[in-house]
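The values are calculated or read from the model by the stated rules, or taken from the named source; none is laboratory data. Computed from a predicted model, the values in this text were never measured in an experiment. Cβ coordinates were reconstructed from backbone atoms using ideal geometry, including for glycine residues, and neighbour counts include every protein chain displayed.
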Amino acid sequence: MPKVFLKLFIKLRKQKEKDKFQSCGEIESNRRFEFGGEKMKDVIKNWQGILLCFMIAIPSWLLGKQFEIIGGAVIAIIAGMIITLFWKEKGVFEGGIKFTSKKILQWAVILLGFGLNLGVVYQTGMQSLPIIVCTIATSLLIAFVLHKVLHIPGNISTLIGCGSSICGGSAVAATASVIDADDEEVAQAISVIFFFNVLAAILFPPLGTILGFSTTSGEAFGIFAGTAVNDTSSVTAAASTWDSMWGLGTATLDKAVTVKLTRTLAIIPITLVLAFIRTKQSGKEGKKVNLKSIFPFFILYFIGASLITTVAVGFGVPSSVFAPFKELSKFFIVMAMAAIGLNTDIVKLIKTGGKPIIMGASCWVGITVVSLILQSFMGIW
């Protein structure tokens with residue numbers, strides 16, 4: 001009898017050790033999963049809202065391809081706003097909508113880096129660099145002054161100033177993540193910036209004719225479009241119109257896009273400065289500053305993506321290899337704008353939109369005038 005109990009005890013002991021070993025293995029496996037697949041867990045958890053934004057983004061993206069002067073981002077944000085007029089309580093979709101407006105927006109910015117070859121930008125962008133620096137400084141200065149004079153909220157002022165001076169929706173995406181702007185602030189800034197994008201794409205080609213830009217070369221108008229139009233979609237629309245008007249092939253478009261990409265690089269220093277300012281402000285307010293939670297690490301990934309492109313192209317890899325990343329980035333921005341539209345109260349936006357529109361108009365006019373003056377001074381125009 002004692003032998004039976006002894007055998008049973010040994011068997012139970014072995015089983016306990018086996019269970020313990022399996023448990024430890026599962027814990028370690030879970031840790032590895034959490035480390036490597038934390039974002040995927042968030043995606044699975046919030047799949048309903050993400051899928052909704054994806055479904056809005058598809059027709060918005062396709063319509064944006066047909067109407068480039070407007071762009072898919074504007075269409076998506078308007079669609080989201082309209083849906084929200086009739087659907088206030090999002091329920092299980094809310095988490096995914098917020099995830100899309102924040103995280104997928106950051107992923108879009110990272111993927112933008114694959115569209116930047118630092119070598120090509122350096123070679124062709126040095127000519128326009130003085131104009132770019134001055135127009136960015138002009139826009140930020142105007143935004144700061146109007147923020148003080150008209151008492152426009154700080155986040156909206158920052159978003160409009162950066163979006164107008166750098167690259168429209170992409171700059172707003174990067175800046176919003178750093179300063180922790182809410183969806184309504186982002187929506188308001190995007191709406192203002194894209195409104196003046198549309199005006200620029202329509203008005204700049206005839207304005208270039210009136211001002212006497214060269215019709216045999218795309219250099220002058222390409223630099224003008226690349227420095228004075230906010231978003232890439234409207235830059236390409238204005239430049240393509242000029243090429244079509246004067247039969248220049250893609251000469252103007254190539255110049256304008258290169259200048260535009262050079263402007264896009266300003267995302268890096270400006271977002272880093274904003275992160276530093278936010279860190280200091282948090283410290284002054286007596287809050288415990290966690291640099292890891294504040295610092296925009298996605299910007300480092302953005303730089304890494306740019307370096308990968310630069311090195312790869314240097315070794316003979318065609319830049320077209322990275323085109324899918326750039327397209328995916330644009331689609332992610334459309335998805336994020338759909339999410340932001342879904343989180344935006346359009347009625348409130350209209351009621352409070354007067355001052356931001358004045359700021360957007362002032363930044364737009366200031367950038368345009370400075371660009372023209374410097375081009376004239378440098379002998380480009």
Selected residue [modelled with pLDDT under 90 and small (Gly, Ala, Ser)] from SER101, SER60: SER101
Members of segment 233-277 that are of a type in the set (Phe, Trp, Tyr) and surrounded by fewer than 24 Cβ atoms within 10 Å (Cβ to Cβ): TRP246, PHE276
Residue list for segment 231-252, filter: outside any helix (DSSP H, G or I) and among the hydroxyl-bearing types (Ser, Thr, Tyr): THR250
Members of segment 327-336 found to be farther than 15 Å from CYS53 by Cβ and crowded, with 18+ Cβ neighbours inside 10 Å, listed by number: SER329
Among residues of segment 155-182, those that are at pLDDT 90 or above and either more than 19 Å from the chain's Cα centre (by Cα) or of a type in the set (A, V, I, L, M) (or both), counted: 3
Segment 114-133: number of residues that are over 19 Å from THR310 (Cβ atoms), assigned to a helix (DSSP H, G or I) and either of a type in the set (S, T, N, Q) or modelled with pLDDT of 95 or more (or both): 0
Tally of residues being at pLDDT below 85 and in a helix (DSSP H, G or I) across segment 63-74: 6
Qualifying positions in segment 82-98 - at pLDDT 85 or above and outside any helix (DSSP H, G or I): TRP87
Complete set of residues in segment 337-363 that are in a helix (DSSP H, G or I) and surrounded by fewer than 24 Cβ atoms within 10 Å (Cβ to Cβ): ILE346, VAL347, LYS348, LEU349, ILE350, LYS351, GLY354, LYS355, ILE357, ILE358, ALA361, SER362
Count of segment 288-326 residues which are surrounded by 13 or more Cβ atoms within 10 Å (Cβ to Cβ), assigned to a loop (DSSP other than H, G, I, E, B) and at pLDDT 85 or above: 1
Count of residues meeting criterion [among the aliphatic types (A, V, I, L, M) and surrounded by fewer than 19 Cβ atoms within 10 Å (Cβ to Cβ)] in segment 79-108: 4
Candidate set from segment 200-232 (those that are over 19 Å from ILE136 (Cα atoms) and hydroxyl-bearing (Ser, Thr, Tyr)); member that is surrounded by the fewest Cβ atoms within 10 Å (Cβ to Cβ): THR216
